[in-house]
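The values are calculated or read from the model by the stated rules, or taken from the named source; none is laboratory data. All values derive from a computational prediction rather than experimental measurement. Because the Cβ atoms are built from the backbone with ideal geometry, glycine has one as well, and the counts that use them run over all protein chains shown. The accessibility values were calculated without ligands, DNA or RNA, using every heavy atom of the protein model including side chains. Shrake-Rupley method; radii C 1.70, N 1.55, O 1.52, S 1.80 Å.
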Amino acid sequence: HMLWTRRWIALAVAWGVCILGWLFVSQIPSRYESHARVFVQMRQVLPAGANGATTIGDQVRDIDTVRQTLTSAVNLEKVVRGTDLARGATTDRQISDRAAGLQNAIKIVAQQDNLFEIAVTAPSGKLARQITQKLIDIFVEQNLSDDRTKTSQSLTFLDQQLQARQKQLQEAEAKRADFQNRYLGALPGTG
């Protein structure tokens, strides 16, 4: 009965707490996250080891290379220049400052050996999506150019091996022909 008689005071206190809570929540800046998963195929055309097996150390080194490539200062500056972050930045110093700030907003986690998750936090959803997409685009471009270089190196290596084997085959054929010419009469069934 006592609570019912003071219901207006309880209602005023509840409204006061709600308004203070809403004001506090409205002051928290909005954060948007964009997540992407990237599968990186680490196999090369020719294996790195002499016996054809890759070691665990090679895999760890490859994973660290992927992380460093995605968050390098040069790539982050490309991301800043290719997204809405470049708006209002007139000098190279401002762009490098924004790239340094962007490095804290990007998290790269290796989920499995070849699967990476890129998480970007930004003040707007559109900007977070742009940054994530630009990171993926830069990584793909670099890997394609690296793959072309590795492929051309592999083809050069294979061509050299093919020429060496062809030379060895010609020498073996010459030795066989010389042997037949020398000992033609001594061979069974030829005489």
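Once the stretch 122-167 is narrowed to residues that are farther than 17 Å from Glu77 by Cβ and hydrophobic (A, V, I, L, M, F, W, C), the residue that is modelled with the lowest pLDDT is Leu144. When restricted to residues that are at pLDDT below 85 and either over 20 Å from the mean Cα position of the chain (by Cα) or acidic (Asp, Glu) (or both), the stretch 102-121 contains 1.
Please indicate, with yes or no, whether at least one residue in the stretch 170-191 is at pLDDT below 85, over 30 Å from Arg81 (Cα atoms), open to solvent by less than 60 Å² (accessible area, probe 1.4 Å) and small (Gly, Ala, Ser). Scanning the stretch 170-191 turns up no residue that is at pLDDT below 85, over 30 Å from Arg81 (Cα atoms), open to solvent by less than 60 Å² (accessible area, probe 1.4 Å) and small (Gly, Ala, Ser). Residues of the stretch 97-118 that are assigned to a helix (DSSP H, G or I) and open to solvent by 40 Å² or more (accessible area, probe 1.4 Å): Asp97, Arg98, Ala100, Gly101, Gln103, Asn104. For the stretch 64-96, taking the residues that are in a helix (DSSP H, G or I) and open to solvent by 80 Å² or more (accessible area, probe 1.4 Å), the one that is modelled with the lowest pLDDT is identified as Arg67. Can you confirm whether the stretch 123-136 contains a residue that is surrounded by 14 or more Cβ atoms within 10 Å (Cβ to Cβ) and in contact with a Phe, Trp or Tyr (Cβ under 6 Å, 6 or more places away or on another chain)? Yes; the residues of the stretch 123-136 include at least one that is surrounded by 14 or more Cβ atoms within 10 Å (Cβ to Cβ) and in contact with a Phe, Trp or Tyr (Cβ under 6 Å, 6 or more places away or on another chain). What are the pairs, 6+ residues apart or on separate chains, where a residue within the stretch 105-122 that is over 16 Å from Val40 (Cβ atoms) has its Cβ under 7 Å from a residue that is open to solvent by 30 Å² or more (accessible area, probe 1.4 Å) and part of a loop (DSSP other than H, G, I, E, B)? What qualifies is Ile106/Thr71; Thr121/Arg31. Within the stretch 46-59, does at least one residue satisfy the condition of being loosely packed, with under 12 Cβ neighbours inside 10 Å, modelled with pLDDT of 80 or more and either under 30 Å from Thr156 (Cβ atoms) or of a type in the set (Lys, Arg) (or both)? Looking for residues that are loosely packed, with under 12 Cβ neighbours inside 10 Å, modelled with pLDDT of 80 or more and either under 30 Å from Thr156 (Cβ atoms) or of a type in the set (Lys, Arg) (or both), one finds none in the stretch 46-59, hence no. The residue pairs whose first member lies in the stretch 18-43 and is in contact (Cβ under 8 Å) with a residue 40 or more places away in the chain, whose second member is open to solvent by less than 80 Å² (accessible area, probe 1.4 Å) and aromatic (Phe, Trp, Tyr), and whose beta carbons are closer than 6 Å, counting only pairs six or more residues apart or on different chains, are Val38/Phe116.
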